């Protein structure tokens, strides 16, 4: 009886570590007799075994490297695309990263835990209460800008019946399956972006932009989204509306390119391997990072990769 209970407990532990096939059987047989150090080593070995030396990656992935030897795989995505979600899943499974970085900030992190149905409902229900809350949190002009951008997103959501951020939710789920993988938010806080965007516009420019956002109604098909894999659909629509405002493009796109690059490079610092105790010496190795960003940010990240970055100027 006691032996059966031990085996059941071991099998549960092996299952929670996402061990498959024969690996699951071996782990369940040995788990009751191994030390914490051995368990950590098993997980590390499992991770390294799954990490492909020459990963087969989607064409939307750009590979970058740091001076310390860390590798960064940037997945360029369309925010309303099923194939982008598949690209993210495949990349994380192939490279088994130490860190996953996504183009989200703490103000938008809730979309990681909402299901598609809830997000679709939230995106379509833009009301006075939400407007008042946005203004209260971000000020009058920034709050209005936030709601207008939500309207653009809601328009795409309504046209496609697909909630935004699916690639980020897939990244979050897949990162949880990789042993010792950290999950980082890599985008500049949205209130900072809105504040700087509003400050870059004259009064009449604000009126003209708001007018264009308010009367957005062009139909969009799923084929249109997939055609935009070389340039994210949402960012392309915004670029068309803000094209005549260079300062606005700088604050919404170029500055965020710099911020995303900085966060990816920070994530790519050498990884400290797990230790059983404080007495154990530290072991640091080059990191493997997966970044998940809109396709429109990839050229800017490549451009800024080998430059010295100071983000203090773009955080005021």
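Take the conditions closer than 22 Å to residue 293 by Cβ, crowded, with 18+ Cβ neighbours inside 10 Å, modelled with pLDDT of 80 or more and in contact with a strand residue (DSSP E or B) (Cβ under 9 Å, 6 or more places away or on another chain) and apply them to residue 175. Does it pass?
For residue 175, the condition - closer than 22 Å to residue 293 by Cβ, crowded, with 18+ Cβ neighbours inside 10 Å, modelled with pLDDT of 80 or more and in contact with a strand residue (DSSP E or B) (Cβ under 9 Å, 6 or more places away or on another chain) - is met.
What pairs come up if the first residue lies in the range 57-69 and is within 17 Å of residue 94 (Cβ to Cβ), the second is modelled with pLDDT of 95 or more and in a loop (DSSP other than H, G, I, E, B), and their beta carbons are under 6 Å apart, counting only those six or more places apart or on different chains?
The qualifying pairs are 64/305.
For the range 164-179, how many residues meet the condition of being touching a helix residue (DSSP H, G or I) at 6+ places or on another chain (Cβ under 7 Å), closer than 14 Å to residue 95 by Cα and outside any helix (DSSP H, G or I)?
Within the range 164-179, residues that are touching a helix residue (DSSP H, G or I) at 6+ places or on another chain (Cβ under 7 Å), closer than 14 Å to residue 95 by Cα and outside any helix (DSSP H, G or I) number 2.
Consider residue 230 against the criteria (1) at pLDDT below 95; (2) surrounded by 18 or more Cβ atoms within 10 Å (Cβ to Cβ); (3) touching a strand residue (DSSP E or B) at 6+ places or on another chain (Cβ under 9 Å): it satisfies all of them except one. Which criterion is unmet?
(2)
Can you tell me how many residues in the range 63-81 are more than 17 Å from residue 180 (Cα to Cα) and more than 15 Å from the chain's Cα centre (by Cα)?
Result for the range 63-81: 7.
Report yes if some residue within the range 107-114 is out of contact with any helix residue (DSSP H, G or I) (no Cβ under 8 Å at 6 or more places or on another chain) and farther than 28 Å from residue 192 by Cβ; otherwise report no.
No - not one qualifying residue is present in the range 107-114.
Just the residues that are more than 20 Å from residue 190 (Cβ to Cβ) and in a strand (DSSP E or B), please, taken from the range 64-99.
Selection gives 64, 65, 71, 72, 73, 74, 75, 76, 99.
Read through the list (1) closer than 19 Å to residue 106 by Cβ; (2) surrounded by fewer than 19 Cβ atoms within 10 Å (Cβ to Cβ), then give the number of the only condition that residue 285 fails.
It fails just one condition, (1).
Quick check: anything in the range 8-29 part of a helix (DSSP H, G or I), touching a helix residue (DSSP H, G or I) at 6+ places or on another chain (Cβ under 9 Å) and at pLDDT 85 or above?
no
As an exercise: evaluate residue 302 against (1) in a helix (DSSP H, G or I); (2) more than 24 Å from residue 58 (Cβ to Cβ) and give the number of the one condition it does not meet.
The single condition residue 302 does not satisfy is (2).
Kindly indicate the residue of the range 305-316 that is in contact with a helix residue (DSSP H, G or I) (Cβ under 7 Å, 6 or more places away or on another chain) and not in a helix (DSSP H, G or I) and also modelled with the highest pLDDT among those meeting that condition.
The qualifying residue modelled with the highest pLDDT is 305.
Inside the range 247-278, can you point out the residues that are surrounded by fewer than 21 Cβ atoms within 10 Å (Cβ to Cβ), part of a helix (DSSP H, G or I) and over 22 Å from the mean Cα position of the chain (by Cα)?
If the condition is that a residue be surrounded by fewer than 21 Cβ atoms within 10 Å (Cβ to Cβ), part of a helix (DSSP H, G or I) and over 22 Å from the mean Cα position of the chain (by Cα), then 247 is the only one that fits.
Name the single residue, out of those in the range 184-195 being in contact with a strand residue (DSSP E or B) (Cβ under 9 Å, 6 or more places away or on another chain) and buried (at least 17 other Cβ atoms within 10 Å of the Cβ), that is nearest to residue 255 (Cα to Cα).
Restricting to residues being in contact with a strand residue (DSSP E or B) (Cβ under 9 Å, 6 or more places away or on another chain) and buried (at least 17 other Cβ atoms within 10 Å of the Cβ), the top hit is 187.
The values are calculated or read from the model by the stated rules, or taken from the named source; none is laboratory data. The structure presented is a predicted model; accordingly, all values stated were derived computationally and were not measured. Please note: Cβ atoms are built from the backbone with ideal geometry, for glycine as well, and neighbour counts cover all protein chains shown.
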